[in-house]
Amino acid sequence: MTTTEAPSRDAAPPQTKLPRRRSALRRRNALIGWSFILPNFIGFGFLTLLPVLILFYMAFTNWNVFGKADWVGFANFQRLMGDGSFHIAFWNTIYYSVMHIPLTIVVSLGLALLLNNKLRGVAFFRTAAFFPYITSIVAIAVVWNLLFSPDYGPINEVLRAIGISEPPGWLTSSEWAMPAVVIVSTWRDMGYYMILFLAGLQTVPRELHEAARVDGANVWERFTNVTIPSLRPTMFFVTVMLTINSFKIFDLILVMTDGGPGQSTLVLSQFIYKKGFEESQFGYASAAAVALFFLCILVTIGQFLWNKKRSA
Amino acid sequence: MTETQVLVTGGTLRKLNAPAPVGRTRSRLTVGRTLGYIALIIAAIGLLAPFFWMVMSSLKNANEVFSVPVVWVPETFVWQNYIDIWTKSNMLVWIRNTLFLAVSVTFLQVLTGSFAAYGFARMKFAGRDILFLVYIGTIAVPWQSYMIPQFILLSNLKVSNTLWSIILLQAFGAFGVFLMKQYYETIPEELSEAARLDGLSEYGIWRRIMLPLSVPAIASLTLLTFVNTWNDYLGPLIYLRNPDLWTIQLGLKSFVSNLFDTNYALLFAGLTISVVPIAIIFLLGQKYFVEGIATSGLKG
Amino acid sequence: MNRKILAAGSIAAVAALALAGCSGSSDAGESTDPDAPVTLTLSGWSIDTTPEFQTLADAFTKDHPNVKIELKEYDAAEYNTLVTADLAAGSGPDIITQKEVKYVTTFQEGGQLLDVSDVALPDGISGADSYEVDGAAYAVPYRQDSWVLFYNKALFAAAGVAEPDGSWTWEDYADAAEALTTDASKGTYLHRWQSTVQGFANAQTDTSVLDGDFSNLKDYYDNTLALQDAGDQVDFNTSTANQLTYQGEFGTQKAAMMLMGTWYTATLIAQQASGEANDFEWGIAPAPQLDEKTTGTDNTPVTFGDPTGFGINANIDSAKADAAKQFLEFAASEEGAQALAEIGITPALTNDAVVESYFAVEGAPTDDLSKFAWSTHDVLPENPTSSKTATIQGILADLHTAVMSGSTSIDDAIKTAEDRVKNEVG
């Protein structure tokens, strides 16, 4: 989306040369623009951007966190390429994201659409959807571990009752651990993204819906031709945040499975944490963090370009 | 209808000037609505079941929490856990600290975030898009990886082990900027144009047009930032070392874990107490997410 | 252009400042007056429920009244992360408690530990090797737990099974577990940590994890899985799902035996006193051995364990260094050991006097076998002191969860672990 240039209010005398007026305009816009951004940027730049830049620098060193950081060039990255655990973490992260992202978008958008009305009790349902997100992650891990218990948990009891004689091992099986984590993670996130979609749905002009209905469009057609296009900025935001958060997933897996059984739920954030804080290889961990960053950024830029093309 | 008409038409014949649909069509609507409600109730059960188990477990004895098979409702309700939390732990101090942090961080995030978002969304200047990508880029880096350099920086500023460290950490994040910018982009340019012609400065436009029109976004940003700060564990763990600075999550964790093991019933009692303020805020504030904005007066 | 260079330069400058940082305390006066008041900070965890730090601090101050020791509390679960962060920022404690041997090389290679080779250690102290790097000592042990077999005398009597007499091998242990299993309780309980299997496997076959050869693990895992399959031991998955606590399982008599570290005696005594654990007679026996060569009270049973020690912050004020070294010497001495034994901690020095103090505590077992098991053993380190240890133990932890959960066979898991060591550690 492009912004228009505000017409200059201080009426410049007609004799002023055009180029100078434009550059004065540009400078004025820049100043005003920066004045808006500065309060946030001062804090952000120093407290977030600077540590991140330091991190990037450390990826090229053999930092031991206590002050020694000798330059090693690309050695850490070469090592990552050959590191079996890094590959496992990488593909697990992709596996998790590919399952989690579409599922969460569909469910949370569906919830938002369903609950975007003034029916009685809708406030209760919205709150119910949000509860998983505000519950402590420790409680979530404990509860779901119990629910997923292969021999005694309610989930497998239900599965057995409906005829599945050998229900999955869930968190105790290396095949089913990741799907179990995805289920819990989607359950947890749907309220969060539902809220974002709810806010976005308020920008869909009612008149368009009315007009479409009068024109005879059914619910699905109205959805695809009115709602979705109006939701594009929100959809872009949700998709980008969801993607980045999925690639970065850490807390939930740490408390639920700690990467296990074996390495079946090891994800990149956890690989980074282990290498850094458990094995004290901070330079190497920084390189892995940079790798994760590039993964996120490449996908985000792709989404950014897709969004730009769509909105042009 | 006469009997003949019923037999011939199957009973669906309707006079042209008959009133709005009643009977079967109305019941079809009600059926649909009832089915919808049933689906929602099932979904709500699925969403709330784990939380329900947690609350029920907070009323059990510590060694009854994990039983085989899963016990949903305890036989005797042990309210002692809640009494213990209030009387034996420093819950009030923790709530005070957490409240202070959550409110400050949320206020600063929303203020500076929406302010900066206007600059990104409406002002055009060199390097704007790159700077914005830098913002998003920092979201793409996991916090644990730059936690140490950040800690060193804040320690050098001598704010480590004070509540300011958490405020500084969280108040200037990129998330708020990103969320508000996306929302601003849905507000039609024509409104700002008109305001500019009326002589309003950019700051005035931000205050009088953008802010009121972005209430749903502000409400959601407020809520999400509040919840994140309220439940944050690792940040306070690293920066808030003095027990009188502890937040609820920190305090609870240390209160219920001792040399022996974790008293889960006690922990769940504390966590239940911790959830209540957020649930209340959400219940009361959710109408702001769905507040319709008047876009009438503009062509769509 | 200028602005960019300026920006880049200032970033670099701040970064350099931030990291070269803070070497904490500056070098203050050169007063060597031994009686000048000194305050030392000492890092500890769960201070309320871990009395050893305060006990040692108080006992030391009694002998050295001019030295005040301030305890800095750290979260127990994230102790090493937090201490690392503090040291990196220059606000670490003067005396750094070494909670896990795995991290000693991190601190030492990072230049955070003072060379304490000149601190005198009593003869026969256990665990000092764990703190030696390149011939110099960087910390002293004050506590050395080892793994023994706890057993419930009441349940043994009820099942009519002969109590352990110090001569058990793993076959004897399995037989007893089978005989002891009833509907109400299992024969034995094994906690979920990797050390419960691997610690014995490595110590008793005299294998170091650094070799990268894990074939010695196979028999030990086979034995444990057999116990699980036979129903004599709660299986790993149930234990995980239900967050079973070892204190709960043994303390409420759900298992008749349990392999656990000696730290549990203090807990069990306290829990029996408070009523959290049932009231029953119990004892400790040497851990089951690999074969007859090391069984019996004439021989020395082989078990494993890591010491806990104190190191000194390399950036400490030179005026305080002497006092700090004196504290280290005290903590490792017989006097320190006595103070620890009286509160139920297993000190690094376990001579006869210390044994008497330990077992004089009310509620402690009084039989000779318990005293033997506690004091006479060959304790091999669970974690060898090397920078590779943490990585290798991480790989073995993954092996443990894979095998115990039943999702991978032991042979496959061993092969994977060995390949990973070659790939990741080199």
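None of the figures in this text is laboratory data; all of them are computed from the coordinates on show. All values reported here derive from a predicted model rather than from experimental measurement. All Cβ positions, glycine included, derive from the backbone under ideal geometry; neighbour counts span all protein chains shown.
Within a straight-line Cα-Cα reach of under 23 Å, residue C:415 can be paired with the following lysines, leaving aside sequence neighbours fewer than 8 residues apart in one chain: A:274, A:275, C:218, C:388. By the rule of a C-alpha distance below 27 Å, with chain neighbours fewer than 8 residues away ignored, the lysines paired with residue C:62 are C:72, C:99, C:320, C:325.
What is the dipole size for region A:84-311, taken about its Cα centre, with +1 at each Lys and Arg Cβ and -1 at each Asp and Glu Cβ, in debye to the nearest 20?
Dipole about the Cα centre, nearest 20: 840 debye.
Averaging the sequence gap over all C-alpha pairs within less than 8 Å and six or more residues apart, then dividing by the number of residues, gives chain C a relative contact order of 25 percent.
Taking amide H positions as modeled 1.01 Å from N, with prolines and chain starts lacking one, the residues under 5 Å from residue C:43 and 5 or more places away or on another chain are C:72, C:95, C:97.
For chain C, modelled as a Gaussian network with Cα springs under 10 Å, which listed residue fluctuates most, C:301, C:122, C:141? Between C:301, C:122, C:141, it is C:122 that shows the largest mean-square fluctuation. Taking the three principal axes of the alpha carbon atoms in region C:35-191, the coordinate ranges are 64, 35, 33 Å, sorted in descending order. For the pair region A:129-151 and region A:41-64, the centres of their Cα atoms are 35 angstrom apart.
If every alpha-carbon in the protein assembly as shown counts as one equal scatterer, what log10 I(q)/I(0) does Debye give at q = 0.04, 0.07 1/Å? So the normalised log intensities are -0.24, -0.70. The string of couplings for region B:140-149 from the Karplus curve (6.51, -1.76, 1.60, θ = phi - 60°) is 6, 9, x, 4, 4, 7, 10, 4, 6, x Hz, one whole number per residue in order, with x for Gly and Pro.
What the phi angles of region C:118-135 give under the Karplus curve with 6.51, -1.76 and 1.60, with θ = phi - 60°, is a coupling list of 8, 7, 6, 10, x, 5, x, 6, 9, x, 5, 4, 4, 9, 9, 10, 6, x Hz, glycine and proline written as x.
Converting the Cα gyration tensor eigenvalues of region A:84-311 into ellipsoid dimensions via √(5λ) gives semi-axes, longest first, of 35, 25, 15 Å. Could you work out how far helix C:389-404 tilts from the main Cα principal axis of chain C, as a 0 to 90 degree angle to the nearest 10? Roughly 30 degrees, rounded to the nearest 10.
Would you be so kind as to identify which of C:162, C:299, A:48 lies farthest towards the positive end of the dipole of the protein assembly as shown, taking Lys and Arg as +1 and Asp and Glu as -1 on Cβ and the Cα centre as origin? Going by the charge dipole, the pick is A:48.
Could you work out how far the C-alpha centroid of region A:186-230 sits from that of region A:234-312, in angstrom? With region A:186-230 and region A:234-312 each reduced to a Cα centre, they are spaced 30 Å.
Scanning chain A for DSSP H helices at least 30 Å long along the axis (C-alpha atoms) with a Kyte-Doolittle mean no lower than -1.0 picks out A:18-44, A:84-114, A:177-201, A:282-311. Mind checking which lysines have their Cα closer than 26 Å to the Cα of residue A:308? Skip sequence neighbours fewer than 8 apart in that chain. The qualifying lysines are A:248, B:124, B:181, B:299. Over chain A, Cα pairs under 8 Å with separation of 6+ residues give a relative contact order of 27 percent. 3J(HN,Hα) along region C:104-112: 4, 5, 4, 5, 5, 5, x, x, 9 Hz, from the Karplus curve 6.51 cos²θ - 1.76 cosθ + 1.60 with θ = phi - 60°, whole Hz, x for Gly and Pro.
So what is the relative contact order for region B:82-288, in percent, with contacts set as C-alpha pairs under 8 Å and at least six apart?
Normalised by residue count, the contact order of region B:82-288 is 36 percent.
Computed about the Cα centre, the dipole magnitude for region B:149-265 is approximately 420 debye when only Lys and Arg (+1) and Asp and Glu (-1) carry charge, each at its Cβ. Using only alpha-carbon positions in region B:82-288, the gyration tensor eigenvalues give semi-axes of 38, 21, 13 Å once each is multiplied by 5 and square-rooted (largest first). Loop-located trypsin sites (Lys or Arg not before Pro) in region A:74-152 (DSSP state not H, G, I, E or B) with no more than 10 neighbouring Cβ atoms inside 10 Å: A:118, A:120. Dipole magnitude for the protein assembly as shown: computed about the Cα centre from +1 point charges on Lys and Arg Cβ and -1 point charges on Asp and Glu Cβ, it is near 9720 debye. Just checking the listed ones, A:288, A:112, A:123: in the Gaussian network model of chain A with Cα springs under 10 Å, the one fluctuating most is A:123.
For trypsin sites (Lys or Arg not before Pro), no site in region B:183-260 is both called loop by DSSP and has at most 15 other Cβ atoms within 10 Å.
Of A:220, A:34, B:53, the sequence from fewest to most neighbouring Cβ atoms within 10 angstrom is A:220, A:34, B:53.
For residue C:255, the residues whose amide H sits under 5 Å from its own are C:186, ignoring neighbours fewer than 5 places away on the same chain, with H placed 1.01 Å from N. Compared with the dominant principal axis of the Cα atoms in chain C, helix C:52-63 is inclined by about 60°. Just checking the listed ones, A:151, A:258, A:189: in the Gaussian network model of chain A with Cα springs under 10 Å, the one fluctuating most is A:151.
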